[in-house]
Amino acid sequence: MHPIVRNILAVIAGVFLGSVVNMGLVQLGPSIIPMPEGYTPEKIVEFVSLFEPKHFIFPFLAHALGTLVGAYVAARIAVTHKMKFALGIGFFFLLGGIAVNIMLADAPLWFKLLDQIVAYIPTGILGGWLATIKQQ
């Protein structure tokens, strides 16, 4: 397979699989940590101000692990510039995280900062690192 085609597929696979992990954890969270009465995912903007710190565990894990998996997959599949592809996935998910934090304006500042600082670029780097050390 041509290296450019494989690198494009690396990005597509990284975004897709990272998104699957992210959404899976977001959907799993409420079944493990009960949400406030009356909560539905469609009403998250209304309910985020009622959330306790425990309610932010799964969203953080979803963002961090989704990015980690996406970056790992992209770096494993990419032919060249593996760490750049992993960081690209981290940046892509960071943009999504910024958008979510804007939509959820009432989310606590501590969560927004933790999410933006830890969940994306560092896990993108970690995913790229894990993918490259396994190939050596």
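The values are calculated or read from the model by the stated rules, or taken from the named source; none is laboratory data. Given the structure is predicted, the values throughout are model-derived calculations rather than measurements. Cβ placement follows ideal geometry from the backbone for every residue including glycine, while neighbour counts extend to all protein chains displayed.
So here's what we get for this one:
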{"quantity": "Pair list, Cβ under 8 Å, 6 or more apart: the range 31-47 residue in contact (Cβ under 8 Å) with a residue 12 or more places away in the chain, other residue assigned to a loop (DSSP other than H, G, I, E, B) and acidic (Asp, Glu)", "calculated": "VAL45/ASP106"}
{"quantity": "Residue in the range 6-56 that is surrounded by the most Cβ atoms within 10 Å (Cβ to Cβ), counting only those that are of a type in the set (Val, Ile, Thr) and modelled with pLDDT of 95 or more", "calculated": "VAL21"}
{"quantity": "Residues satisfying the stated conditions in the range 31-83, i.e. outside any helix (DSSP H, G or I) and in contact with a Phe, Trp or Tyr (Cβ under 9 Å, 6 or more places away or on another chain)", "calculated": "ILE33, MET35, PRO36, GLY38, TYR39, THR40, PHE51, ALA78"}
{"quantity": "Residue ID - surrounded by the most Cβ atoms within 10 Å (Cβ to Cβ), chosen from residues in the range 98-121 that are under 11 Å from the mean Cα position of the chain (by Cα) and touching a residue at least 24 places away in the same chain (Cβ under 8 Å)", "calculated": "TYR120"}
